[in-house]
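First comes the structure, then the notes that go with it.
The values are calculated or read from the model by the stated rules, or taken from the named source; none is laboratory data. In this text, all values refer to a predicted model and were calculated from it rather than measured experimentally. As a convention, Cβ positions derive from the backbone with ideal geometry for all residues, glycine included, and neighbour counts pool all protein chains shown. These area figures cover heavy atoms from the full protein model, side chains too; ligands, DNA and RNA do not enter into them. Shrake-Rupley method; radii C 1.70, N 1.55, O 1.52, S 1.80 Å.
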Amino acid sequence: MSASQPRLNSDVPTLLVKIFGKDRPGITAGLFDTLAAFSVDVIDIEQVVTRGRIVLCALVTAPAADGAGEGELRATVHSWTDSLKLQAEIISGTGDNRPRGSGRSHVTVLGNPLTAESTAAIAASITGTGGNIDRIFRLAKYPVTAVEFAVSGVETEPLRTALATEAAEIGVDVAVVSSGLHRRAQRLVVMDVDSTLIQDEVIELFAAHAGCEDEVAEVTARAMLGELDFEQSLHARVALLAGLDASVVEKVRAEVRLTPGARTLVRTLKRLGYQVGVVSGGFTQVTDALQVQLGLDFAAANTLEIVDGKLTGRVVGEIVDRAGKARLLRRFAAEAGVPLAQTVAIGDGANDLDMLNAAGLGVAFNAKPVVRKAAHTAVNVPFLDTVLYLLGITREEVETADGEDGLEEPSAPVAPVSPASGASGSSPAGPDPRDGRAG
């Protein structure tokens, strides 16, 4: 399109030039060198290479009437492709691409594996809502396959509802987010801790040292399923810890295992300018250490009371429960200067639901059924950094950034914080076997 013609008229003759065949260096430059002889303007270009095969599409204006004609352009392009053992198709038409419909979304699909059957079901469901798939590309190939569909013609909420139902039936994870600048804006990500950022339930680690692990685990499970009031269950479980020596805190910190991909998720988000926080129904005796080690911007949890070197069986301060987590998300967002629409919340239990629903994107991570049904989207693979794909970040981009920073080995373990002084220690947490690698 020439500088004097900012918008292409719909009746202007155009040509769609399609090139396909075995990829090699110089194909794109060669095509446009060939077209340059006909003084055409480039309107649109698309290119994809899959397993060494290239598909290159160029939408250009038709040759001017006073110069070499369309027939000569066609003959020249076919002669050039024949010389390279490529194939060409040239289609006459008018104007630019058909305008995309209103209502634009990004649909991310995670499969392990991603089957043809499930892909067909997702595509059909998009079509069934009145949506059109404008573009598809792969975000990651392992340990899960992640692909993104750019969809137009249907509003995000009805599309999300339809695809959530379909995803549950076919066993894949699907996230639907609105397209637009806000998706690329700096955001805030707030995570639950137990069974989300870490693999453990911290109170059960404490309970194991008190000899009441089974009793506490049963109450925890009922609370996460929404069968018990969280605050009442918290007090009941903490009461069982009364009399434990405060030295158990260091032992529990040493037993904590980060979820695979946790460090990669946080490190990548921080590179992109995101602020990251945690809210936990667990205890500051563990979350404070996580905040220091991972460089988190925000952290809030309950605090075990320690008197004369012993756990009293009580918690002190504001209780972080279901409503408290949503309240803290809003507080963190206000402090970060981030609208709620640009926040992401990640959790697994019923006490995370208010936070997940308050966030712009709520992600149920390996969650209980009641949470999966209520959240915006669900991720059911054991790698926390797959959440990056929901934000349009590719595995290749993450690995490249890690390589540039020389991150070949897992990051250092969680540094404990003394319950008395807050000073860092050196006891390790569980390893993250996929740290320093994407997705």
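Any residue in segment 257-278 that is part of a helix (DSSP H, G or I), at pLDDT 95 or above, surrounded by 19 or more Cβ atoms within 10 Å (Cβ to Cβ) and in contact with a Ser or Thr (Cβ under 8 Å, 6 or more places away or on another chain)? Within segment 257-278, one or more residues are part of a helix (DSSP H, G or I), at pLDDT 95 or above, surrounded by 19 or more Cβ atoms within 10 Å (Cβ to Cβ) and in contact with a Ser or Thr (Cβ under 8 Å, 6 or more places away or on another chain). Is it the case that some residue within segment 55-64 is of a type outside the set (Val, Ile, Thr) and within 30 Å of Glu169 (Cβ to Cβ)? Looking for residues that are of a type outside the set (Val, Ile, Thr) and within 30 Å of Glu169 (Cβ to Cβ), one finds none in segment 55-64, hence no.
If I filter segment 151-168 for residues that are open to solvent by less than 60 Å² (accessible area, probe 1.4 Å), β-branched (Val, Ile, Thr) and either at pLDDT below 95 or more than 28 Å from Arg53 (Cα to Cα) (or both), do I get at least one hit? So far as segment 151-168 goes, yes, one or more of its residues are open to solvent by less than 60 Å² (accessible area, probe 1.4 Å), β-branched (Val, Ile, Thr) and either at pLDDT below 95 or more than 28 Å from Arg53 (Cα to Cα) (or both). Determine the pairs where a residue that is farther than 18 Å from Leu390 by Cα, located within segment 154-172, has a partner that is open to solvent by less than 80 Å² (accessible area, probe 1.4 Å) and among the hydrophobic types (A, V, I, L, M, F, W, C) with Cβ atoms under 8 Å apart, the partner being 6 or more residues away or on another chain. Listed by first residue and then by second, the contacts come to Val154/Ile126; Glu169/Ala121; Ile170/Ala121; Ile170/Ile122. Taken over segment 285-296, residues that are open to solvent by 10 Å² or more (accessible area, probe 1.4 Å) and out of contact with any Leu (no Cβ under 8 Å at 6 or more places or on another chain) amount to 6.
Condition first: in contact with a Ser or Thr (Cβ under 7 Å, 6 or more places away or on another chain) and surrounded by fewer than 14 Cβ atoms within 10 Å (Cβ to Cβ). Now tell me which residues in segment 42-67 satisfy that. Those that are in contact with a Ser or Thr (Cβ under 7 Å, 6 or more places away or on another chain) and surrounded by fewer than 14 Cβ atoms within 10 Å (Cβ to Cβ): Ala64, Gly67. For segment 330-343, give me the residue count where each residue is surrounded by fewer than 24 Cβ atoms within 10 Å (Cβ to Cβ) and either more than 18 Å from the chain's Cα centre (by Cα) or not in a helix (DSSP H, G or I) (or both). Counting residues in segment 330-343 that are surrounded by fewer than 24 Cβ atoms within 10 Å (Cβ to Cβ) and either more than 18 Å from the chain's Cα centre (by Cα) or not in a helix (DSSP H, G or I) (or both) gives 9.
Of the residues making up segment 224-243, those that are assigned to a helix (DSSP H, G or I) and either under 30 Å from the mean Cα position of the chain (by Cα) or not small (Gly, Ala, Ser) (or both) number 8. Note on segment 226-239: residues that are in contact with a Gly (Cβ under 7 Å, 6 or more places away or on another chain), crowded, with 18+ Cβ neighbours inside 10 Å and not β-branched (Val, Ile, Thr) total 2. Go through the residues of segment 300-320 one by one and say whether even a single one is closer than 30 Å to Glu396 by Cβ and either of a type in the set (Val, Ile, Thr) or open to solvent by 30 Å² or more (accessible area, probe 1.4 Å) (or both). Taking every residue of segment 300-320 in turn, none turns out to be closer than 30 Å to Glu396 by Cβ and either of a type in the set (Val, Ile, Thr) or open to solvent by 30 Å² or more (accessible area, probe 1.4 Å) (or both).
Each row is one residue, and each column tells you yes or no for (1) of a type outside the set (Gly, Ala, Ser); (2) in contact with a helix residue (DSSP H, G or I) (Cβ under 9 Å, 6 or more places away or on another chain).
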position	(1), (2)
Glu72	yes, no
Ile91	yes, no
Gly95	no, no
Ser102	no, no
Val107	yes, yes
Ser118	no, yes
Ala121	no, yes
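Within segment 68-86, the set of residues being in contact (Cβ under 8 Å) with a residue 60 or more places away in the chain and loosely packed, with under 12 Cβ neighbours inside 10 Å comprises just one member, Lys85. The residues in segment 93-112 that are outside any loop (DSSP other than H, G, I, E, B) and within 30 Å of the chain's Cα centre (by Cα) can be counted, and the count is 8. Checking each residue in segment 356-374 for being more than 17 Å from the chain's Cα centre (by Cα) and at pLDDT 95 or above picks out only Ala358. Against the test of being assigned to a helix (DSSP H, G or I), without any contact (Cβ under 8 Å) to a residue 12 or more places away in the chain and farther than 22 Å from Phe365 by Cα, the options Ala208, Ala221 yield a single qualifying residue, Ala208. The set of residues in segment 354-403 being open to solvent by 10 Å² or more (accessible area, probe 1.4 Å), closer than 20 Å to Leu225 by Cβ and assigned to a helix (DSSP H, G or I) consists of Asp354, Asn357, Pro369, Val370, Arg372, Lys373, Ala374.
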